[in-house]
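The values are calculated or read from the model by the stated rules, or taken from the named source; none is laboratory data. Since the model is a prediction, treat every value here as computed from it, not as a measurement. When we count neighbours, we look across all protein chains shown, and the Cβ atoms used for this are built from the backbone with ideal geometry, even at glycine.
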Amino acid sequence: MRYLAHAKQTMALERIPQIAAEFAQRFGRSAGGLVSGYRSEDAQTIVVALGSVLGTLKDTIDELRADGVKIGVLGIHSFRPFPLAAVRAALQGARRVVVVEKSFSVGLGGVVSTDVRLALSGLQPHCYTVVAGLGGRAITKASLHRTLREAIADKLPPLTFMDLDWRIVNRQLEREAQVRRSGPVAENLLRDVGTVASKVS
């Protein structure tokens with residue numbers, strides 16, 4: 001049963017583009033397919049993302065393009081099955097790849113980034129993972145501008161948590177280093193930002 005589930009997912013890699021083409025022919029607009037590129041044909045830097053952040057990214061890329069930056073976006077529309085071949089084909093000419101994602105695997109890094117790196121196996125672009133929107137935080141153009149310019153200058157760490165308040169994080173890490181015990185981490189963090197836990201509904 002597990003193999004059959006895998007086999008059907010693999011078959012979907014062929015069916016999704018076919019259905020997307022039929023949709024486009026019938027309705028005159030794209031339904032996504034496996035992946036879609038935006039201003040990525042000559043891009044030296046390609047930002048990979050999926051979901052709602054793509055709209056904000058496209059606006060940011062338009063502004064960076066207006067400044068002469070060769071940057072584009074690759075939107076992934078099928079996460080499972082993951083379109084390894086399509087992602088590889090879209091990214092193989094890029095000097096650097098920046099994956100912006102809202103989820104990460106604790107203790108490892110980005111969930112989408114792991115699959116993107118697998119697709120890029122044997123290729124040598126600079127790869128960056130940017131985890132954004134943690135806790136429902138808005139992903140703004142200003143933050144994307146700052147982060148992407150650091151990536152373009154190759155000054156971005158391989159794993160970045162965008163807009164994370166490091167003062168609060170470091171304060172909690174210092175507390176834990178002094179007292180080796182489990183405790184009310186969330187309550188401590190709420191106190192650090194000036195919110196009393198009992199007032200949170």
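A Cβ distance below 9 Å, combined with a sequence gap of six or more or placement on separate chains, defines the contacts here; from region 1-30, residues that are farther than 14 Å from R80 by Cβ and in a loop (DSSP other than H, G, I, E, B) reach residues that are at pLDDT 90 or above and among the aliphatic types (A, V, I, L, M) in the pairs S30/A20; S30/A24. Of the residues making up region 22-35, those that are under 26 Å from the mean Cα position of the chain (by Cα) and of a type outside the set (V, I, T) number 6. Evaluation of T160 against the conditions (1) over 14 Å from the mean Cα position of the chain (by Cα); (2) within 28 Å of D192 (Cβ to Cβ) shows that the sole unmet condition is (1). Just wondering, is there one or more residues in region 52-72 that are assigned by TED's automatic domain parsing to the domain that holds A138, free of Cβ contacts under 8 Å to residues at least 24 places away in the same chain, outside any helix (DSSP H, G or I) and among the hydroxyl-bearing types (S, T, Y)? Within region 52-72, one or more residues are assigned by TED's automatic domain parsing to the domain that holds A138, free of Cβ contacts under 8 Å to residues at least 24 places away in the same chain, outside any helix (DSSP H, G or I) and among the hydroxyl-bearing types (S, T, Y).
Whether a residue is out of contact with any Gly (no Cβ under 8 Å at 6 or more places or on another chain) and in contact (Cβ under 8 Å) with a residue 40 or more places away in the chain was assessed, and H126 does not pass this test. The single condition among (1) without any contact (Cβ under 8 Å) to a residue 60 or more places away in the chain; (2) surrounded by fewer than 16 Cβ atoms within 10 Å (Cβ to Cβ); (3) in a loop (DSSP other than H, G, I, E, B) that A94 does not satisfy is (2). When the residues of region 38-51 are filtered to those that are touching a residue at least 40 places away in the same chain (Cβ under 8 Å) and in contact with a strand residue (DSSP E or B) (Cβ under 6 Å, 6 or more places away or on another chain), the one that is surrounded by the most Cβ atoms within 10 Å (Cβ to Cβ) is V47. Tell me which residues, restricted to region 108-131, are modelled with pLDDT of 95 or more and farther than 14 Å from V97 by Cβ. V131, the sole residue that qualifies.
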